[in-house]
Amino acid sequence: MALTQRLDLRQSQSLVMTPQLQQAIKLLQLSNFELATFLETEVERNPLLEFDEGGGDTPETAPEEGPAPTETAPLDGDFAENWESEGAGYEGDAGLGGSWGSGQGGNFSGEAPSLEQTLSGEISLREHLLGQLNVDLNDPIDRVIGRHLINLLDESGYLTGTVSGIAEQLGCDVARVEATLGVLQDFDPPGVFARDLRECLAIQLRERDRLDPAMACMLENLDLLARHETARLMKLCQVDKEDLVDMISEIRSLDPKPGLVFDAAVAQAIIPDVLMRPQQGGGWLVELNAESLPRVLVNNAYYQRVSGEAQKKEEKEYISEQFQSASWLVKSLHQRATTILRVASEIVRQQDAFFRHGVQHLRPLVLRDIATVIDMHESTVSRVTANKFLLTPRGVYELKYFFTASIAGTGEGETHSAEAVRQRIKTLIHAEKPDAVFSDDKIVEILRADDIEIARRTVAKYREALGIPSSVQRRRQKASVL
């Protein structure tokens, strides 16, 4: 076979992700809070950028005639052309990336401490326990063991290691670790240093002087209490119904996670990215949350001045590069705002029945349904709905909440939202009577009578996801006098 040279001409398509386009995609999936953090860094880095305190021309409102989607203002340059090209399959980044005091008051200058310095800060569980340790344990070895045990507590106040393992690690007797642990279990808050729930409750009952043999038997059979098997509990604990009611009431007053009193994470309020409210005459008004939406602008006056004063080639290139970067960022933010508004408006339009009548009217919806109407790629819609929240007359919802799988109906072409079906199951179970508890099979029959085709295992899955026990356990609970 002879070897010859050939020259072939072939055409192919490839997606080139410029840094600017990657940045635009990244901005799209950030929440307003994350965006503000990113922009602070950009303003510090780029001298031509500054925050717009007075507001700009960013699209903020979309009136809904039923409602109708918002038109996006066109952008010039290759930004508008390439914005949707990321739908070819590119998946970008998902994001952007205590000690004890010395006991000395005041400061080294001898001045009196300020009011702020005298205010006590939040104390942690570890600090709270170390303070008691230094008072109650005098032996240095016991203190070392105690500090080690404190370091092994989880956030709920439970001991995560074993006594034998701790003794081996510290090179001491198991009996000494047990003795130190016994002292620490008398610390405040009651129940800390327990190794399981039974021991945690026992420590608290012992502190109340309520750990009698009947109560100890109750703690050994907590599984029966969870299943409401009161007859067996009365027999095992050798008490009557009245005593059992008092014992259960006492257990319910205890704290199963005593450590959470300290180091509790502060709940962060959700700041909605999009707001909606009813319009006079019908329809909805959808708008961006201007209070949480950060804006930046290019300082053109400063750019003109420094570009005119620049002498060296490197200086001119740097100024030009920063100007292009700032301009692109402003365009990206405008496109981001417009895209979020269009997606949110279409979601509101398609889920109009939910906002008017409740969760049982939530219709099945997938990303493709929104993307087709607003002429965008599904991946763009997916990024827009990530970490974005909508404030509605029915509460605050993540935009992804409105996308649910469909469940077939008994009629032709009819489908139901999975979330709506879950809520229907929840409503049925909450309305059942003690002498007529619905089994999963009975729920299937009821739903089919309502034109919802669903399997028994799906009902069981939804019921468990809602935290609802089985029909046997519910029947026992409703029949119990407790």
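Things to note:
- The range 154-169 residues that are surrounded by 12 or more Cβ atoms within 10 Å (Cβ to Cβ), paired with ones that are part of a helix (DSSP H, G or I) and polar (S, T, N, Q) (beta carbon under 9 Å, 6 or more apart): 161/169
- In the set (1) part of a helix (DSSP H, G or I); (2) within 27 Å of the chain's Cα centre (by Cα), residue 306 fails one condition alone, (2).
- Some residue of the range 219-239 being surrounded by 20 or more Cβ atoms within 10 Å (Cβ to Cβ) and β-branched (Val, Ile, Thr): no
- Test: residue in the range 453-462 that is of a type in the set (Ser, Thr, Tyr), in contact with a helix residue (DSSP H, G or I) (Cβ under 8 Å, 6 or more places away or on another chain) and in a helix (DSSP H, G or I): yes
- Taking first residues from the range 447-476 that are within 20 Å of residue 416 (Cβ to Cβ) and partners that are outside any helix (DSSP H, G or I) and hydroxyl-bearing (Ser, Thr, Tyr), the Cβ contacts under 7 Å between residues at least 6 apart in sequence or on separate chains come to 448/410; 451/410; 453/410.
- Qualifying residue in the range 343-355 (condition: surrounded by fewer than 18 Cβ atoms within 10 Å (Cβ to Cβ) and of a type in the set (D, E, K, R)): yes
- Scanning the range 138-166 for residues that are more than 25 Å from residue 257 (Cβ to Cβ) and in a loop (DSSP other than H, G, I, E, B) yields 138, 139.
- Qualifying residue in the range 203-214 (condition: assigned by TED's automatic domain parsing to the domain that holds residue 159 and at positive phi): yes
- Some residue of the range 275-282 being part of a helix (DSSP H, G or I) and loosely packed, with under 12 Cβ neighbours inside 10 Å: no
- Checking each residue in the range 168-207 for being of a type in the set (D, E, K, R) and assigned to a helix (DSSP H, G or I) picks out 168, 176, 178, 198, 199, 206, 207.
- Residue 390 being modelled with pLDDT of 90 or more, in the same structural domain as residue 283 (by TED's automatic domain parsing) and either touching a strand residue (DSSP E or B) at 6+ places or on another chain (Cβ under 9 Å) or not β-branched (Val, Ile, Thr) (or both): yes
The values are calculated or read from the model by the stated rules, or taken from the named source; none is laboratory data. Everything numeric here is computed off the predicted structure, so don't read it as measured data. Quick reminder, even Gly has a Cβ in these numbers, built from the backbone with ideal geometry, and neighbours come from all protein chains shown.
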